[in-house]
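Asker: The structure follows.
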Amino acid sequence: MQLLYLVSYHASPLGDELCLPSHNKEHHTGRKREGPAVHLPVRFGSNQEVPVTDETRKLLEKIVSRFRNVRWAVAYGSGVFGQDGYDPNAPKPMIDFIFATAYPSHFHAVNLQHNPSHYPAFARWLGSDYISKVQEWGPGIWYATMVDIDGQLIKYGVISTDALCEDMMDWSTLYVAGRMHKPVRIIRPDARVLLANQINLVSALRVALLMLPEEFTEIELWEQIAGISYAGDPRMSIPGAENPQKVKNIVRPQVDRFRGLYFKLLQEIGGVSPASGPANVSGLSGDEAVLAALGLGKSNGSGLLKQNVDTGFRAQLLRKLPRNLKKGLERVFTQRFGTKIVRPGSSPDEKGLEEKEFWKKAVAEPDLRKIMDQELQRIIKGPATTQSLKGILTAGLRKSVLYAAAKVGKWWKSKSKKA
């Protein structure tokens, strides 16, 4: 169980060195020294290696090579992986990227020299310190949109490595961590981010299982995971801001990619099996045997799965949730139960429920799913709203209007098809 040992929430001996956020404000401007390197087992995180065609891979690598001081980079969205609801005869879609850099202010200073047109005029005038300060607002990311690289339109977000890893491990905003719950193409890997994201993916599985009933289809599992980051996102409730079928459009054509991303982690967590009973894995070996044992076949995702609903098992899932979500649930249930959690090492005279008993009681609450959804909305709503509002500062008025018009067009087409 080496994998689960490494990805259990903050249980890794590497945890303090991983990417834990610095509370020193100077880390955003590039004056904080990087922590020690992380060394991972060979092939650790191979599930995150989502394949693409050679043509796409070369294009993505060529684009990223145009930028300096990028420590980690991924590409995602319909420009990389096909999604339902898109016209194959339409112009090629914009490709979305996220770049992580150790020193955002330095990244922007260099990028302003090499790619000044990627920034609105006032941002160029105010300089890299201003840009890095605005980047910190909300989820800590600066987006440049509708950027032309050799005839290919791209959008790229810049985030500090610290902020990225904090979000992946603690779900501080779920803005980038939520994006990583879906298949992405890693172009420039980084060991620390790889480990932080493995923790993030396990957290997504735990949340999805807690939100689902005892029996569910495979595709319902992937849709539950893909939909986590949209809870509370204002774009999903504003007509034209986002396609209301977005989660289904992401998942349906990518069932195999979701399997590849999660099936080994699902095996490590345990508790999921075919609803029809133990699968016959005779004659199978390796990944095929694991997939069959879990009930994940080569079908379209309609297979029925069953999960362990034992109170002790589900309480363990709750105990290992990301810090920000877990704190919210603790707050709700300590108020409801009129008690506090007595943690290991507390005084023998301290009154309250022991941690294991507290979470067993919480998992038995009939409205647990509703409360979890409310807490996810709490995490996401503020940062997502801030990011949407600051878009005009990062993209400029003209590009913001054009980008919004393109979104409305997609929404209108999806609505017309549904009608």
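The values are calculated or read from the model by the stated rules, or taken from the named source; none is laboratory data. From a predicted model like this one, the values you see are computed outputs, not experimental measurements. When we count neighbours, we look across all protein chains shown, and the Cβ atoms used for this are built from the backbone with ideal geometry, even at glycine.
Asker: Taking the criterion of being closer than 29 Å to L210 by Cα, polar (S, T, N, Q) and at pLDDT below 95, would at least one residue in the range 313-334 satisfy it?
Answerer: Looking through the range 313-334, none of the residues is closer than 29 Å to L210 by Cα, polar (S, T, N, Q) and at pLDDT below 95.
Asker: Ok, one more. Would a scan of the range 6-21 turn up a residue that is modelled with pLDDT of 50 or more and either in a strand (DSSP E or B) or not basic (K, R) (or both)?
Answerer: For the range 6-21, residues modelled with pLDDT of 50 or more and either in a strand (DSSP E or B) or not basic (K, R) (or both): present.
Asker: Looking at (1) in contact with a strand residue (DSSP E or B) (Cβ under 8 Å, 6 or more places away or on another chain); (2) assigned to a helix (DSSP H, G or I); (3) under 13 Å from T217 (Cα atoms), can you tell me which one A293 breaks?
Answerer: A293 satisfies all of (1) in contact with a strand residue (DSSP E or B) (Cβ under 8 Å, 6 or more places away or on another chain); (2) assigned to a helix (DSSP H, G or I); (3) under 13 Å from T217 (Cα atoms) except (3).
The rows are residues; the columns are (1) touching an Asp or Glu at 6+ places or on another chain (Cβ under 9 Å); (2) of a type in the set (V, I, T); (3) not assigned by TED's automatic domain parsing to the domain that holds A208.
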residue: V255; (1), (2), (3): yes, yes, no
residue: F258; (1), (2), (3): yes, no, no
residue: L265; (1), (2), (3): no, no, no
residue: A275; (1), (2), (3): yes, no, no
residue: S285; (1), (2), (3): no, no, no
residue: E288; (1), (2), (3): no, no, no
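Asker: Is there a residue in the range 91-104 that is charged (D, E, K, R), touching a Lys or Arg at 6+ places or on another chain (Cβ under 6 Å), touching a residue at least 24 places away in the same chain (Cβ under 8 Å) and surrounded by fewer than 24 Cβ atoms within 10 Å (Cβ to Cβ)?
Answerer: yes
Asker: Still on this structure, I have one more. Out of the residues in the range 138-157 that are in contact (Cβ under 8 Å) with a residue 40 or more places away in the chain and of a type in the set (A, V, I, L, M), which is surrounded by the most Cβ atoms within 10 Å (Cβ to Cβ)?
Answerer: Filtering first and then ranking leaves I141.
Asker: Restricting the search to the range 345-383, which residues are surrounded by 13 or more Cβ atoms within 10 Å (Cβ to Cβ), on the phi < 0 side of the Ramachandran plot and not in a helix (DSSP H, G or I)?
Answerer: Those that are surrounded by 13 or more Cβ atoms within 10 Å (Cβ to Cβ), on the phi < 0 side of the Ramachandran plot and not in a helix (DSSP H, G or I): S346, L353, E354, E365.
Asker: Just one of the numbered conditions (1) in contact with a helix residue (DSSP H, G or I) (Cβ under 6 Å, 6 or more places away or on another chain); (2) modelled with pLDDT of 95 or more is not true of N111; which one?
Answerer: Condition (1) is where N111 drops out.
Asker: Out of the range 169-199, which residues are under 23 Å from V251 (Cβ atoms) and either free of Cβ contacts under 8 Å to residues at least 40 places away in the same chain or in contact with a Gly (Cβ under 6 Å, 6 or more places away or on another chain) (or both)?
Answerer: Q198
Asker: A further question follows. Taking the range 53-65 as the region of interest, how many residues are free of Cβ contacts under 8 Å to residues at least 12 places away in the same chain and in a helix (DSSP H, G or I)?
Answerer: 3
Asker: Within the group P104, P116, which residue is modelled with pLDDT of 95 or more and within 26 Å of the chain's Cα centre (by Cα)?
Answerer: Exactly one of P104, P116 is modelled with pLDDT of 95 or more and within 26 Å of the chain's Cα centre (by Cα), namely P104.
Asker: Looking at Q135, Q113, which is the one that is in the same structural domain as L59 (by TED's automatic domain parsing), on the phi < 0 side of the Ramachandran plot and surrounded by fewer than 23 Cβ atoms within 10 Å (Cβ to Cβ)?
Answerer: Answer to the selection: Q113.
Asker: Moving on. Test I228 against the criterion of being in the same structural domain as R57 (by TED's automatic domain parsing), crowded, with 22+ Cβ neighbours inside 10 Å and either outside any loop (DSSP other than H, G, I, E, B) or over 17 Å from the mean Cα position of the chain (by Cα) (or both), and give yes or no.
Answerer: Considered against the rule, which asks whether it is in the same structural domain as R57 (by TED's automatic domain parsing), crowded, with 22+ Cβ neighbours inside 10 Å and either outside any loop (DSSP other than H, G, I, E, B) or over 17 Å from the mean Cα position of the chain (by Cα) (or both), I228 comes out as no.
Asker: In the range 300-322, what residues are surrounded by fewer than 15 Cβ atoms within 10 Å (Cβ to Cβ) and touching a residue at least 60 places away in the same chain (Cβ under 8 Å)?
Answerer: N300, S302, L304, V309 - these are the residues of the range 300-322 that are surrounded by fewer than 15 Cβ atoms within 10 Å (Cβ to Cβ) and touching a residue at least 60 places away in the same chain (Cβ under 8 Å).
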